[in-house]
Amino acid sequence: MNTTSPVALVTGAGTGIGRAVALTLLKAGYRVVLAGRRIGPLTEVAQASGTVSAYPFCVDVGQPESVDALFAMIKDTFGRLDVLFNNAGVGAPKVNFEDISFAQWQTVVDANLTGSFLCAQGAFRLMKNQTPQGGRIINNGSISAHAPRPNSAPYTSTKHAITGLTKSISLDGRKYNIACGQIDIGNALTELSARMSTGVLQAHGEVAVEPMMDVQQVADAVLHMAQLPLSTNVQFMTIMATNMPFVGRG
């Protein structure tokens, strides 16, 4: 392990996009903190990496005390943080808008929006005060930051809000050499999204199979954003399966 290599934090690192990004960063030579709710998947990712540069850590990103403990560990272990990939998130059950419960709404807001805010704030504070100063925050916005799917109000609302959070961090971070960008991902094939390959409810009420892309393409895009010099920033990137129903009328 190279103790001078850059340090990255990936939330939601145990599965899906977070797992792919974490493994790609590790392969590129980063020391990576693998954050998530369950230690089992995080440990599996660390083992799959074949390195000693992965650091699993259990966290509930929607709880301030849990996030504080995460960043205390990062500061004590590494003394700095170079990249945060703000990826942890959940969806709500696909029910009619009028049937969404407050508990379902709050669960999504806590994980997707409050969690992204708390982790970004923890990273911002560390990046502001470290030497050399600065770092990069990359938020996972999703295609839902642009357009909703049917019956997705909690998820879509939080992802639209992530865009405002990204812009605010980007502006407020300038004086501290902190860059913030957003990657909006559409139809990356993971174990969590495999159901989409068998059919997804469309706006006109019918179910249709949608094209998918290899999740490694997403991980490579995040790596590209992460490796840019802090004088350069990808403010927003949309990466998607070329023929997915997003642009135009689908």
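What single numbered condition from (1) modelled with pLDDT under 95; (2) at positive phi; (3) not hydrophobic (A, V, I, L, M, F, W, C) fails to hold for residue 93?
(2)
Test residue 85 against the criterion of being in a strand (DSSP E or B) and more than 25 Å from residue 156 (Cα to Cα), and give yes or no.
Taking the combined requirement at face value, the residue does not satisfy it.
Exactly one of (1) over 14 Å from the mean Cα position of the chain (by Cα); (2) in a helix (DSSP H, G or I) is unmet by residue 52. Its number?
Condition (2) is where residue 52 drops out.
With within 20 Å of residue 225 (Cβ to Cβ), out of contact with any helix residue (DSSP H, G or I) (no Cβ under 8 Å at 6 or more places or on another chain) and not in a strand (DSSP E or B) as the only criterion, which of 40, 18 stands out?
18
So, of the residues in the stretch 119-164 that are among the basic types (Lys, Arg) and outside any helix (DSSP H, G or I), which turns out to be surrounded by the most Cβ atoms within 10 Å (Cβ to Cβ)?
136
Of the residues 10, 52, 21, 59, which is buried (at least 23 other Cβ atoms within 10 Å of the Cβ), at negative phi and free of Cβ contacts under 8 Å to residues at least 60 places away in the same chain?
Result of the check over 10, 52, 21, 59: 59.
May I ask you to list pairs of residues, at least six apart or on different chains, whose Cβ atoms are under 6 Å apart, with the first in the stretch 120-143 being farther than 9 Å from residue 180 by Cβ and the second being modelled with pLDDT of 95 or more and of a type in the set (Gly, Ala, Ser)?
127/134; 127/135
When both residues are 6+ apart or on different chains and their Cβ atoms are under 9 Å apart, which pairs have a first residue that lies in the stretch 70-95 and is in contact (Cβ under 8 Å) with a residue 12 or more places away in the chain, and a second that is part of a helix (DSSP H, G or I) and among the basic types (Lys, Arg)?
Pairs that qualify, where the first residue is in contact (Cβ under 8 Å) with a residue 12 or more places away in the chain and the partner is part of a helix (DSSP H, G or I) and among the basic types (Lys, Arg), are 71/125; 81/75; 89/159.
Looking at 129, 177, 140, 187, can you tell me which residue is polar (S, T, N, Q), at pLDDT 95 or above, at positive phi and out of contact with any helix residue (DSSP H, G or I) (no Cβ under 6 Å at 6 or more places or on another chain)?
Just a single option satisfies the conditions, and that option is 177.
On the given criteria, is residue 62 closer than 19 Å to residue 112 by Cβ and either among the acidic types (Asp, Glu) or touching a strand residue (DSSP E or B) at 6+ places or on another chain (Cβ under 8 Å) (or both)?
Considered against the rule, which asks whether it is closer than 19 Å to residue 112 by Cβ and either among the acidic types (Asp, Glu) or touching a strand residue (DSSP E or B) at 6+ places or on another chain (Cβ under 8 Å) (or both), residue 62 comes out as no.
From the residues in the stretch 24-35 that are touching a strand residue (DSSP E or B) at 6+ places or on another chain (Cβ under 7 Å) and not charged (D, E, K, R), which one is surrounded by the fewest Cβ atoms within 10 Å (Cβ to Cβ)?
Only one residue tops the list, namely 26.
For the stretch 177-198, does any single residue satisfy the condition of being more than 26 Å from residue 92 (Cα to Cα), acidic (Asp, Glu) and either over 14 Å from the mean Cα position of the chain (by Cα) or not in a loop (DSSP other than H, G, I, E, B) (or both)?
No: zero hits.
Going by what's in this entry, would residue 13 be described as modelled with pLDDT of 95 or more and of a type in the set (A, V, I, L, M)?
In short, yes.
Within the stretch 72-88, work out how many residues are polar (S, T, N, Q) and under 26 Å from residue 141 (Cα atoms).
2
What are the pairs, 6+ residues apart or on separate chains, where a residue within the stretch 223-238 that is more than 12 Å from residue 6 (Cβ to Cβ) has its Cβ under 6 Å from a residue that is assigned to a loop (DSSP other than H, G, I, E, B) and modelled with pLDDT of 95 or more?
Short answer, once both residue conditions are applied: 225/234.
The values are calculated or read from the model by the stated rules, or taken from the named source; none is laboratory data. Computed from a prediction, not measured in an experiment: that's the story for all the values here. Methodologically, a virtual Cβ is constructed for each residue, glycine included, from the backbone with ideal geometry; neighbour enumeration extends over all protein chains shown.
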